[in-house]
Amino acid sequence: MTTILVTRPEPGATATARRLMERGHTAIVAPLLTIAPRTTTLPAAQAILVTSANGLPAVLPNLPVFAVGDATAAAARARGASNVTSAGRDAAALAELVRATCSPQAGPLLLLSGARQGLPLAATLRAAGFRVLRRVTYAVVPATTLPPAAINLLQNGSGAALFFSPETAHIFVRLMKTLRPPASVTRLDALAISAATAAALAPLPWAHIRVASHPNQDALLALLT
């Protein structure tokens, strides 16, 4: 049994913690971001692009949806979308999928993303001749502190910490510098969903930093076996 810090936002954090406990681990939920939905008018487009399930509105227009990964695709279907295609990996794979499937002459693409997110994807597709209409459907609010159970793990325990994005990794590194008395990660393994996430964690002296074979939760949890 391993004690594992889960840093992803809710509602995903609780769902991940449940999976960990089913495997016999102890899970400490410490969301490093809060998702704040935004209401926006969605213009006409040939297709919708989504880089995170957080970017999905409550109701999707009846348009083809291209999702960054399988979990985001499943969330789109749960909101009523019937024509959903998953890129299965990351934003680069999503751009490749869109270029292979859509035509710049068929109309604009509607990109739903968080504040300050999705910009490289939009730039890539615009460079390929597409008109991209980007709409911010959520904002992220960074945590300003860690819960007591997480601080206790960092100061006295050992185990692992799960990181689902570079943004949460950056926030964690900042928060570690504010803890008084100081805490350490030398007895914890950092499990990162991507190489970019691992790079953001590198300033801290982890016991090990390991990267998932694919940027999804199943691959991340497989690092625990």
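If one computes P(r) from the Cα atoms of region 129-225, what percent of pairs lie at distances over 21 Å? Summing the P(r) of region 129-225 above 21 Å gives 39 percent of all pairs. Backbone phi angles across region 54-64, fed through the Karplus curve with coefficients 6.51, -1.76 and 1.60 (θ = phi - 60°), yield HN-Hα couplings of 4, x, 7, x, 4, 10, 9, x, 7, 9, x Hz in residue order; Gly and Pro are listed as x. When the P(r) of region 36-139 is calculated, the portion above 19 Å amounts to 33% of the C-alpha pairs.
Bridge orientation summary for region 36-139: considering DSSP beta bridges with both residues in this region, about 10 percent are antiparallel. Estimated at 0.36 nm per residue, the fully extended path between Ala149 and Asp70 surpasses their Cα-Cα distance by 25.3 nm.
Using a Förster radius of 25 Å, what is the FRET efficiency between Arg126 and His214 based on their Cβ-Cβ separation? Nearest 0.05, please. The formula returns an efficiency of 0.35 here.
In the frame of its principal axes, the chain has Cα extents of 59, 32, 28 Å, reported largest first.
Note on the chain: with a GNM built from Cα contacts shorter than 10 Å, the maximum mean-square fluctuation among Ala15, Ala91, Ala196 falls on Ala15.
Mean residue ellipticity, 222 nm, helices only, the chain: the sum of -39500 (n - 2.57) across DSSP H runs of n ≥ 4, divided by residue count and rounded to 500, is -9000 deg cm²/dmol.
Placing one equal scatterer on every Cα of region 1-67 and applying the Debye formula, the log10 ratio I(q)/I(0) at q = 0.22 Å⁻¹ is -0.90. As a rough footprinting exposure proxy, the listed residues Val136, Val68 were ranked by other beta carbons within 10 Å of their own, and the order from fewest upward is Val136, Val68.
Quick note: the coordinates plus some simple rules give every number you see, no bench work behind them. Here the structure is a predicted model, which means the values were calculated and not measured. No Cβ is skipped: glycine too gets one built from the backbone with ideal geometry, and neighbour counts run over all protein chains shown.
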